[in-house]
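Only the coordinates and a few stated rules stand behind these numbers; no lab work does. Because the structure is a prediction, the values reported are computed rather than measured. Don't worry about glycine lacking a Cβ; one is built from the backbone with ideal geometry, like all the others, and counts go over all protein chains shown.
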Amino acid sequence: MLSNIKFISKQKSISIPTYTIDYLPEALELFEDVVGVDTETTGYDAHGDRLLSLQIGDFNNQIVIDSSHYPLKELVDVLNEYFKDKVVILQNAQFDLRFFYKYGIDIPKLYDTLLAECIITGGLGNKEDIKNVKELLGKETAVKYVDRHLGLDKLALKYCNIELDKSIRGIIHREGMSERVIKYGADDVKYLPEIRNKQLEILNTYEEKYGIGLEVLELENEAVKVFSRMAFNGIKVDSSKYKKEVIAVADKEVKRTINELDAEVHKSPKLKKYAVYQGNLFFQTRKTEINWNSSTQKLKILNELGEKVKDTNANTIRKEVKHPIGKKLLEYNEYKKLENAFGEEFLKNINKETLRMHPSIWQILSTGRISMSDPNLLQIPARGHLGDTIRKCFIPEKGNKIVGGDYSGFELRIIAEFSQDPLWVNTFKEDGDLHSILCSETFDIPVTDVKKPFPYNTNITYRDVQKTLNFGLSYGMSEFKLSNTIGVSKAEAKQIIDKFFSKVPEVKKFLDKLGNLGKNRGYIKVPNPYGRIRFFPKFDVIKDYPYETKDISFRWYGEMERASKNTPIQGLNGTVIKRALIRTQQEIDNNKYPAKILLSVYDEIQTECEESFAEEWKNILQNCMIAAGEEIIKTVPVKADCAIGDYWIK
DNA sequence: CAATCGTGCGCG
DNA sequence: AAAGCGCGCACGATTG
């Protein structure tokens, strides 16, 4: 087997045939139209780290190119010409593509074995599910029913029955291109074509079994190019502004609120035992031994004050705590959160080479949406005291503009499209304000009155209640949650929901149908085109262990029902934003536009472009988004609003 | 002492 | 008996 490896390097290997780079064109002819490709690198950062090797191969032959001797940038022309009409298989393409983009290598037709596996096993591997099943029936059962494996070693085992040795991975950098490293690199591409074939076989059975075609796979294999480029581009943060206007302010406010909380403790006879003084005899500061960042301690304090709260969630405190300490706690919590999650540590995510943040992106969650980490740019504050200020710190390079925008009420339009409820559909067709119009129907009041205070809770308006309903119902909200959120009794909440659904009966039917589908079949689909499937492994667990899961099964069926209502809606939103990103990137590539995609946040796309191009680009971007939306939404208008700015505008 | 769990909250 | 979906992050508390 070793003899089928061709090592391209200036360093001779003892038992592996070694060639100079002149041999590359000939070696590349060993392969058919499908090849596996992989890289070894010194680390995860495409900007700071470098390539150690590039491997190209199939089951019969593998080429391992020593990048230390033959840098990728010298091979760009040969490789681009070669990849032009090949199907390139990568495991976790997002990683390799970032390095390829650095050197200008383009892969037009790619297949990602990791993404394919995510599609095949949609809904599996959920950590919460694993935990729940483990608690109930032990680890073995959890692994059997819920777990999934996406690593190349596990895929090789599953599809080729081969044990790949991954233990060497961590030492490649130190060891250099030793024989076992070369062999390891070759193995990483050797099995990719076979894995792909087997995965495609499975996906083809999904067509018949579930009505899910290969379109979603094509979508993801296109989208990964955009996401890797997006992560490679990164986004610029004005760190000195951020330090001054965000971190310093949050720190100051945390100190202030701690002092005020401590003062409350000193005031209260009930809390006296927590009081501490600091300083000397003449200058004493009133402190406490309470860590206000600890929810356990906060709960204890509130209980000692006679507040019978069960937790310290902001909502609970807002509604139930009468003592003035409640308000101060809320204030402290907000700034402490900013300090913790968006303070100094957050700024450390700025890349030293580029001075930008380059998140890593998980491309396929159980609904089809994406997630981000290191940092998670999907959770940058947009509201609250510092929301605006924080977003203003995300800026373009000199001479550029930020151009971005979002869809208007996209999930609500999905509900219109798929329920075909007359009132819901017509409101969008007439460009009416859905919340206001439905509100007037639910509460039998004129549209002009919808912003009047809600009699049961005068802190909010009728329209606020309707908004909660409109969004909550697509998550399967019940009267319990509604009564909790808007501060009415459960009976009243139920009345409101019933009245609301009586006005939009097709929406009710649509959601009930989805809920039942998931509960009865153990899976739910995101509709075609680009349809995908989400399995509910808990369904099979309940089926196989009915005797001891009676109380659990109520909970689990409820969870599956609500997830089934939400998955198609959330998932279609995810599909559309991916389609929009693909369209946008294609516009950029095909026309060589001076623009870059920076971010996509659920139903929003942010880009950066040359100032002189901004006006034109704004329209192009907006058209891409609308065209993508119209692939899915056909009976009501699709709206996307884009704008030009000097920072990230929400 | 490190690893894991629980709580709470940021976004849509 | 549970009662709005989908996430990642950071802290304190608990566990091994």
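Provide, as a two-decimal number, the C-alpha radius of gyration of region A:476-533 over 2.2 N^0.38 Å, N being how many residues it has.
1.42
Once you've got the Cα coordinates, tell me which of A:Lys319/A:Lys494; A:Lys144/A:Lys198; A:Lys241/A:Lys348; A:Lys310/A:Lys337; A:Lys241/A:Lys618 are over 25 Å apart.
A:Lys241/A:Lys618
Could you give the dipole magnitude of chain A about its Cα centre, charging the beta-carbon of Lys and Arg +1 and that of Asp and Glu -1, in debye to the nearest 20?
Dipole of chain A, to the nearest 20 debye: 2940 debye.
Counting only residues 5 or more places away or on other chains, whose amide H sits under 5 Å from the amide H of A:Arg532 once H atoms are built in the peptide plane?
Under 5 Å from the amide H of A:Arg532 lie the amide H atoms of A:Val526, each far enough along the sequence or on another chain.
What are the ³J(HN,Hα) couplings of region A:511-516, residue after residue, when phi is run through the Karplus curve with 6.51, -1.76, 1.60 and θ = phi - 60°? Round to Hz, x for glycine and proline.
With coefficients 6.51, -1.76 and 1.60, one gets 5, 4, 4, 4, x, 5 Hz.
Under 5 Å between amide H atoms, partner at least 5 residues away or on a different chain: which partners does A:Tyr523 have, H built in plane at 1.01 Å?
A:Phe536
Go through A:119-131, A:297-309 and give me the packing order, highest mean Cβ count within 10 Å leading.
Order by mean packing, descending: A:119-131, A:297-309.
Based only on the alpha carbon positions, what is the Kirkwood hydrodynamic radius of chain A, in angstrom?
The Cα-based Kirkwood calculation yields 28.2 Å.
In whole Hz and in residue order, list the ³J(HN,Hα) couplings for region A:309-324 that follow from phi through the Karplus curve 6.51 cos²θ - 1.76 cosθ + 1.60, θ = phi - 60°; x for Gly and Pro.
3J(HN,Hα) across region A:309-324, in whole Hz: 7, 9, 8, 10, 4, 3, 4, 4, 4, 4, 8, 9, 7, 8, 4, x.
How large is the Kirkwood hydrodynamic radius of region A:374-525, in angstrom, based on all distinct alpha carbon pairs?
The answer is 17.9 Å.
What does the helix-only formula give at 222 nm for chain A: each DSSP H stretch with n ≥ 4 adding -39500 (n - 2.57), the total divided by the residues, and the result rounded to the nearest 500 deg cm²/dmol?
The per-residue figure over chain A is -15500 deg cm²/dmol.
Please arrange A:Phe100, A:Phe95 by how many other C-beta atoms lie within 10 Å of their C-beta, fewest to most.
A:Phe95, A:Phe100
List, largest first, the extents of the alpha carbons of region A:296-451 along their principal axes, each in whole Å.
Result for region A:296-451: principal-axis Cα extents of 56, 50, 33 Å.
Cβ neighbours within 10 Å, averaged per peptide: list A:9-19, A:575-585, A:335-345, A:408-418 in order, most packed at the top.
Details: A:9-19: 13.9, A:575-585: 23.9, A:335-345: 17.5, A:408-418: 21.8.
Result, highest mean first: A:575-585, A:408-418, A:335-345, A:9-19.
Stokes-Einstein at 10 °C, 1.306 mPa s, Kirkwood radius from Cα pairs: D for region A:239-346 in µm² s⁻¹?
Diffusion coefficient, whole number: 107 µm²/s.
May I ask you to list the aspartates and glutamates whose Cα is less than 18 Å away from that of A:Lys328, ignoring any residue fewer than eight positions away on the same chain?
Within the straight-line cut-off, A:Lys328 pairs with A:Asp251, A:Glu253, A:Glu260, A:Asp262, A:Glu264, A:Glu289, A:Glu304, A:Glu307, A:Asp311, A:Glu320, A:Glu339.
Which ordering of A:Phe59, A:Phe480, A:Phe428 is given by a fewest-first count of other beta-carbon atoms within 10 Å? Present the calculation step by step, with values, prior to reporting the outcome.
Working: A:Phe59 14, A:Phe480 11, A:Phe428 23.
Result, fewest neighbours first: A:Phe480, A:Phe59, A:Phe428.
For region A:56-108, what does the alpha-carbon gyration tensor say about shape, rounded, prolate or oblate, given a ≥ b ≥ c as the root eigenvalues, a/c under 1.5 as rounded, and a/b over b/c as prolate?
rounded
What shape does region A:5-213 have by the C-alpha gyration tensor, where a ≥ b ≥ c are the square roots of the eigenvalues, rounded means a/c under 1.5, and otherwise prolate means a/b greater than b/c and oblate the rest?
Note, shape of region A:5-213 comes out prolate.
Using the Karplus curve 6.51 cos²θ - 1.76 cosθ + 1.60 with θ = phi - 60°, work out ³J(HN,Hα) for each residue of region A:301-308 in order, rounded to whole Hz, and write x for Gly and Pro.
Along region A:301-308, the couplings run 4, 4, 5, 5, 7, x, 7, 8 Hz.
Taking the Cβ of each residue in A:Thr141, A:Thr567 as the centre, tally the other Cβ atoms inside 10 Å and list the residues starting with the fewest.
Numbers: A:Thr141 15, A:Thr567 28.
Least crowded to most crowded, the residues run A:Thr141, A:Thr567.
Assuming a ≥ b ≥ c are the square roots of the Cα gyration tensor eigenvalues, decide whether region A:187-310 counts as rounded (a/c under 1.5), prolate (otherwise, with a/b larger than b/c) or oblate. The partial results should precede the final answer.
Details: a/c = 4.36, a/b = 2.45, b/c = 1.78.
Cα axes put region A:187-310 in the prolate bin.
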